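Just below is one structure, and these are the notes that go with it.
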Amino acid sequence: MKKLKFPTAQTILLIIAGLVAILTWIIPSGKFDSLQYHKAENVFIVTTLQSNQTLSATQNTLDSLYIKIPLNKFTSGDIWKPISIPNTYHKVEAKPQGIIAFIQSPIKGIIAAADIIFLVLFIGGLIGIMNYTGAFDAGISWLAETLKGKEFVLIILVTVLIAIGGTTFGLAEETIAFYPILIPIFLAAKYDAMVALACIYLGSSIGTMCSTTNPFSTIIASDAAGINWTTGLTSRFIMLVLGTLICIIYTLRYAQQVKKDPSKSVIYSQKAAIETMFGNSTNSTVKLSTRLRIILFVFAMSFVIMIYGVSQLEWWFLEMTVVFLVGAVLIGFLAKIDEYTFVDLFVKGASELLGVAIIIGIARGITVLMEDGQISDTLLYYASNATNGMNKGVFINAMLFIYSGLSFFIPSSSGMAVLTMPIMSPLGDGIGIGRELIVNAYQYGMGLFAFINPTGLILASLAIVKVGYNKWLKFVMPLVIILLAFTMLVLTISVYL
């Protein structure tokens, strides 16, 4: 009998999309009225099922709608997306998503996610150019020699730096670029590719889970809850430090086991294939010449400029993609690559990440099915009602699990914040706890589930190394359980302080 294989990332997502389509036939369609600020006219637009209504942009208007958010949060641009209006949920005409909608959803998702897909493809093109120059091989060989006996420093450094990016400006999708670069370095240090995946993905996940200044979660969620984003900052910072420490210890322990005995690797059966895929740069005969050092500098600066632009200049996917295109052209010029060879290398490099791009599109298609079926608000309505009558400890942990569950359907942190905070944060008032704890439950719930959420970034990340989702679950589930227990303990204590 032929051995059954765990399905591919694409198949997993299509199965989930099918289940979501079925849910649109079971869960009633419903909508909250929404409010959005229009800066040009200085008015609020309230969108209901019947019509759009224009209201004066005043604090009295917000108070009359039971929106406990200061007016300046809208006029300053902190809240730019439509927010849900409390106590306005109503059922609407059902819009079940049939077989045609299901078939169309991956295509719609790819179109909707075109910005990040182009970023991924252009990163692939840049990697293709870099591989041709030999700069990677020379640099990795030099780094492996330099870190001999101190390879564990690499694990700590990468995890901490990426966690800092996650907590400050929401470094998440951008980490896709780091896998092809860092995996050969970790292989050269005698670790497996899972260690590289862990350092990058766990670092990003724990950073965004314990966001401190991240405008796409902490700041927008606090604003939507009607509180200052600095409220609760200390507790989130402590969670960040302790959570990152737990992730590093967990990864180090696994990495040392693999280094001592490679057969302990959860992806040991793929060892030869992965080493062939990413090359064995430890035996590189290419010397790190001045030209190659300049090429590596330009390559590194592409990421520095990207990070600076996103965090300081309000750049997004268009600007990030342009940075990598310019970086590729500069490197091609420095390496004296002729035009035809450059184009060929760039296209082949992009094609290497085409599978990743398609996964991102299919995942976005699931969100499209949810939106077209109009069941997101219904799930939020039922979730908010489920917490009635709970004591503080049970309530805050229930919020943690509610947000974890909702993040399966709404993986966007900013989308989750504006959709749920105006509804969920007032529930804390009735229970007698601060709204910053609702923000914490939102962040920790979404962040914890992000470690394994198939509608998030993990499947795209795994696809780069062609590691199965089942292998990742085997590696990460003990850590998720440890972090879940720790988070529940912290939240429970915090509501009684």
- Task: For the range 17-47, name all the residues that are under 22 Å from Thr378 (Cβ atoms) and without any contact (Cβ under 8 Å) to a residue 40 or more places away in the chain.
- Result: Leu19, Ile22, Ile26, Val46, Thr47
- Task: Determine which member of the set Ser404, Ser376, Ser351 is modelled with pLDDT of 80 or more, surrounded by 22 or more Cβ atoms within 10 Å (Cβ to Cβ) and polar (S, T, N, Q).
- Result: Ser376
- Message: If the requirement is being surrounded by 15 or more Cβ atoms within 10 Å (Cβ to Cβ) and either more than 27 Å from Ile16 (Cα to Cα) or within 18 Å of the chain's Cα centre (by Cα) (or both), which of these qualifies: Phe324, Phe333?
- Response: Phe324
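When the range 327-346 is examined, which residues are found to be assigned to a helix (DSSP H, G or I) and out of contact with any Gly (no Cβ under 7 Å at 6 or more places or on another chain)? Explain how you work it out, then say what you get.
Start the filter on the range 327-346 by keeping residues that are assigned to a helix (DSSP H, G or I), which leaves 327-334, 339-346.
If the condition is that a residue be assigned to a helix (DSSP H, G or I) and out of contact with any Gly (no Cβ under 7 Å at 6 or more places or on another chain), then Gly327, Val329, Leu330, Ile331, Gly332, Phe333, Leu334, Glu339, Tyr340, Thr341, Val343, Asp344 are the ones that fit.
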- What are the residue pairs meeting all of these: first residue in the range 344-362, first residue more than 21 Å from Thr11 (Cβ to Cβ), second residue part of a helix (DSSP H, G or I) and β-branched (Val, Ile, Thr), Cβ atoms under 8 Å, and 6 or more apart or on different chains? Leu345/Ile129; Phe346/Ile129; Gly349/Ile127; Gly349/Ile129
- Query: Has the range 62-78 got at least one residue that is surrounded by fewer than 17 Cβ atoms within 10 Å (Cβ to Cβ) and under 26 Å from Ile366 (Cβ atoms)?
  - Reply: no
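The values are calculated or read from the model by the stated rules, or taken from the named source; none is laboratory data. All of these numbers come straight from a predicted model, not from anything done at the bench. Every residue, glycine as well, gets a Cβ built from its backbone with ideal geometry; the counts of neighbours run over all protein chains shown.
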